[in-house]
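The values are calculated or read from the model by the stated rules, or taken from the named source; none is laboratory data. Remember, predicted model here, so these are calculated numbers, not experimental data. Cβ coordinates were reconstructed from backbone atoms using ideal geometry, including for glycine residues, and neighbour counts include every protein chain displayed. When the accessible area is computed, the model is the full protein with side chains, heavy atoms only, and any ligands, DNA or RNA have been set aside. Shrake-Rupley method; radii C 1.70, N 1.55, O 1.52, S 1.80 Å.
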Amino acid sequence: MRILLISSAYNGLCQRAHMELEALGHDISITLALNPDYIRKRVTFFQPDLIICPFLKEKIPEDVWSNHTCLIVHPGIVGDQGASSLDWAIMNGEQEWGVTVLQAVEEMDAGDIWATETFKMRQASKASIYRREVTKAAIKAMLQAVERFETKTFTPEPLDYSKPDVRGELRPQMKQQERRIDWANDDAATIIKKINAADSAPGVLDVIDNQEYYLYGAHQESSKTVWEGLFQGWQPGAIIAKRHGAICRATIDGAVWISHLKRKNTAKVPLYKRLLAHEKQFDFKLPATKVLGKVVDKIPESPIDPLFMGTELTFKEIWYEEKNQVGYLHFDFHNGAMSTEQCRRLLESYRLAQLRPTKVLVLMGGSDFWSNGVHLNTIEAAENPAKESWRNINAIDDVVLAILTTESKLTVSAVWGGCGAGGAMAILAADKVWARKGVIFNPHYKAMGLYGSEYWTYSLPKRVGPMKALELTQATLPIGTKKAKAIGYIDEILPDDYTNYLEQVRQNAEAMTLHPEYLQIIEEKRNTRQRDEQAKPLAAYRAAELHKMKRNFSGKCNTGEVNYHVARYNFVHKVKPKESATCVAKHMPHDIAKLSELRQSLAC
């Protein structure tokens with residue numbers, strides 16, 4: 001079938017829907033819901049058999065849904081209506097929630113039901129639940145709805161609130177009044193629940209030092225050492241400690257860490273004026289201490305071991321586990337972005353993990369992302385973004401180099417969350433790459449106007465061959481795990497259930513330590529690295545990549561006619577694009593392939 005995906009953004013769920021439907025042989029095109037006329041034109045161009053809206057904030061024009069079957073993927077149980085569905089589910093402490101695929105009608109979320117799936121809720125941020133449980137349920141329900149549509153005999157079920165199993169209800173959009181933290185009365189669990197329900201948008205509005213900020217990234221602090229002793233006499237809401245960009249605030253029963261803030265009412269300045277005046281506008285999420293600046297200068301640091309092995313609840317981005325001669329290095333950075341400082345801390349932790357008495361070291365990444373490469377928000381906030389870009393890319397390259405040159409043990413990249421750009425290349429530095437079924441990879445930099453580094457010119461062709469490497473980096477398209485394994489990009493696909501996934505990682509890693517030819521495998525690994533180094537040193541790959549990257553950072557070479565500084569600004573400030581990307585929009589009248597674009601990117 002010809003299926004048109006209409007989405008407010010080409011986000012993770014939309015990408016997963018794209019990959020899954022295309023794998024079934026459907027002809028897929030994607031359009032962003034930029035405005036009603038834009039949607040109408042794209043529907044007319046593509047003439048779809050079916051329209052699916054995996055992530056939609058806007059209403060579909062009546063003349064579209066009345067003339068085409070339009071299926072809406074709603075992150076709520078049957079009968080649930082409203083834009084704050086998942087927010088209310090978290091705030092109300094729902095134990096079970098779901099996803100419903102329903103037909104578009106005049107009243108939002110009130111159409112006939114094509115499919116529904118439920119899942120158990122867990123204590124996590126809204127964004128994390130959306131990326132894990134909602135996405136998994138949504139894909140399952142969507143595929144069932146498509147199968148039912150293809151039969152041409154299925155009749156969707158009208159929404160009937162009189163049925164006892166219809167628990168959903170019309171819920172209003174959650175306002176900041178419902179989200180407000182009452183520091184004098186709310187305990188830590190309540191505060192975390194409120195922040196979780198607003199993360200990653202819109203955040204919880206709060207006041208710090210007489211200025212309003214949106215709060216994101218809540219973490220429980222279970223150790224009394226953070227807030228006792230020198231901090232006796234604190235007031236609820238007071239900032240009592242800081243760590244790696246996060247702030248720790250006292251509560252009536254302990255303390256809560258908040259990792260990120262966004263200042264309210266920052267006036268936006270047009271890009272050209274900002275570049276001329278060198279003005280910094282922090283109207284986007286950043287580490288809390290970066291946003292607060294001098295406000296937290298005198299707040300004491302709460303140190304944590306670079307190879308933290310504790311089990312207590314606290315704010316930690318990097319931690320380590322070890323069992324049966326296998327080390328597991330976790331690095332869970334917000335949205336998968338890795339700043340210069342985070343890369344340097346990760347490198348320190350990796351080197352310490354190398355010294356541990358293990359045979360296998362598994363790089364676990366984070367619960368939502370393995371890595372998405374350099375930290376565009378902190379780069380945008382820097383006094384000199386070009387210089388910070390250079391520092392950041394070198395810092396992440398140092399991490400990748402350490403993995404590539406590990407000769408004393410075997411290494412594994414275990415990918416549960418998605419990864420893109422530099423992160424999608426960094427995973428290839430390990431000896432083995434295992435990924436959860438359903439992971440989406442974006443192994444390209446071109447959309448951000450970058451050539452890319454992370455030793456991709458060494459690692460990627462080595463795995464998939466030079467022609468496929470060029471295709472992956474130039475196409476700016478995501479790939480799913482099936483294709484990734486078929487072309488050699490990854491080695492194994494693991495279960496799409498978190499508990500089963502972790503167990504499979506542990507079983508596979510421990511099997512590697514018990515391999516009868518483990519020592520021979522290590523020796524062959526060393527010999528291969530030596531042969532590769534003699535053929536072309538890693539330093540040469542890095543130098544060539546960074547030469548092109550430096551030109552991208554300077555603005556002298558725009559990869560694919562995309563200016564890095566403009567693309568970064570638009571990404572960080574969430575500037576809405578004027579068009580859907582031509583690589584996924586088959587409904588658009590395409591130009592002939594721009595060979596000159598490829599030549600330019602290779603010649604820079």
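Against the criterion of being farther than 24 Å from Phe369 by Cβ, at pLDDT 95 or above and either open to solvent by less than 20 Å² (accessible area, probe 1.4 Å) or part of a loop (DSSP other than H, G, I, E, B) (or both), Arg249 qualifies. When the residues of segment 50-87 are filtered to those that are of a type in the set (Gly, Ala, Ser) and either on the phi > 0 side of the Ramachandran plot or part of a strand (DSSP E or B) (or both), which remaining residue is surrounded by the most Cβ atoms within 10 Å (Cβ to Cβ)? Applying the filter and picking the extreme gives Gly79. Scanning segment 106-121 for residues that are charged (D, E, K, R), surrounded by 16 or more Cβ atoms within 10 Å (Cβ to Cβ) and modelled with pLDDT of 95 or more gives a single hit, Glu117.
When residues in segment 306-340 are screened for being assigned to a loop (DSSP other than H, G, I, E, B), under 24 Å from the mean Cα position of the chain (by Cα) and polar (S, T, N, Q), 2 of them pass. In the set (1) free of Cβ contacts under 8 Å to residues at least 60 places away in the same chain; (2) of a type outside the set (Val, Ile, Thr); (3) open to solvent by 60 Å² or more (accessible area, probe 1.4 Å); (4) out of contact with any strand residue (DSSP E or B) (no Cβ under 7 Å at 6 or more places or on another chain), the condition left unmet by Glu157 is number (4). Taken together, the residues in segment 321-346 that are in contact with a helix residue (DSSP H, G or I) (Cβ under 6 Å, 6 or more places away or on another chain), under 26 Å from Val439 (Cβ atoms) and either among the hydroxyl-bearing types (Ser, Thr, Tyr) or open to solvent by 20 Å² or more (accessible area, probe 1.4 Å) (or both) amount to 2.
The rows are residues; the columns are (1) more than 16 Å from Ile139 (Cα to Cα); (2) in contact with a Lys or Arg (Cβ under 9 Å, 6 or more places away or on another chain); (3) in contact (Cβ under 8 Å) with a residue 60 or more places away in the chain.
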| site | (1), (2), (3) |
| --- | --- |
| Val73 | no, no, yes |
| Gln81 | yes, yes, yes |
| Asn92 | yes, no, no |
| Glu96 | yes, yes, no |
| Val105 | yes, no, no |
| Ile113 | no, no, no |
| Thr118 | no, no, no |
| Met121 | yes, no, no |
| Ala127 | yes, no, yes |
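Each residue in segment 1-27 was checked for being closer than 19 Å to Ile60 by Cβ and open to solvent by 20 Å² or more (accessible area, probe 1.4 Å), and 6 of them qualify. Output yes when any residue across segment 28-39 is of a type in the set (Ser, Thr, Tyr), open to solvent by less than 10 Å² (accessible area, probe 1.4 Å) and closer than 28 Å to Lys193 by Cβ, and no when none is. Scanning segment 28-39, I find no residue that is of a type in the set (Ser, Thr, Tyr), open to solvent by less than 10 Å² (accessible area, probe 1.4 Å) and closer than 28 Å to Lys193 by Cβ, so the answer is no. Residues that are open to solvent by less than 50 Å² (accessible area, probe 1.4 Å) and modelled with pLDDT under 90 were ranked within segment 252-276; the one that is nearest to His334 (Cα to Cα) is Thr266. Among the residues of segment 88-105, the ones that are closer than 21 Å to Ile191 by Cβ and open to solvent by less than 10 Å² (accessible area, probe 1.4 Å) come to 1 in all. Tell me, which residue of segment 6-44 that is among the acidic types (Asp, Glu) and assigned to a helix (DSSP H, G or I) is farthest from the chain's Cα centre (by Cα)? Here the answer is Asp37.
Considering only residues in segment 130-165 that are part of a helix (DSSP H, G or I) and among the aromatic types (Phe, Trp, Tyr), the one that is nearest to Asn196 (Cα to Cα) turns out to be Tyr130.
Filtered by the rule that a residue be without any contact (Cβ under 8 Å) to a residue 24 or more places away in the chain and within 13 Å of Ile247 (Cβ to Cβ), segment 286-308 gives Gly293, Asp297, Lys298.
If I filter segment 137-154 down to residues being open to solvent by 20 Å² or more (accessible area, probe 1.4 Å) and closer than 21 Å to Gly79 by Cβ, which single residue comes out as farthest from the chain's Cα centre (by Cα)? Going through the qualifying residues, I end up with Phe154. The set of residues in segment 200-224 that are more than 27 Å from the chain's Cα centre (by Cα), open to solvent by 20 Å² or more (accessible area, probe 1.4 Å) and within 12 Å of Ile181 (Cβ to Cβ) contains only Val207.
Just to verify a result, which residue in segment 367-376, among those that are buried (at least 21 other Cβ atoms within 10 Å of the Cβ) and not acidic (Asp, Glu), is nearest to Ala414 (Cα to Cα)? Checking each candidate, the answer is Trp370.
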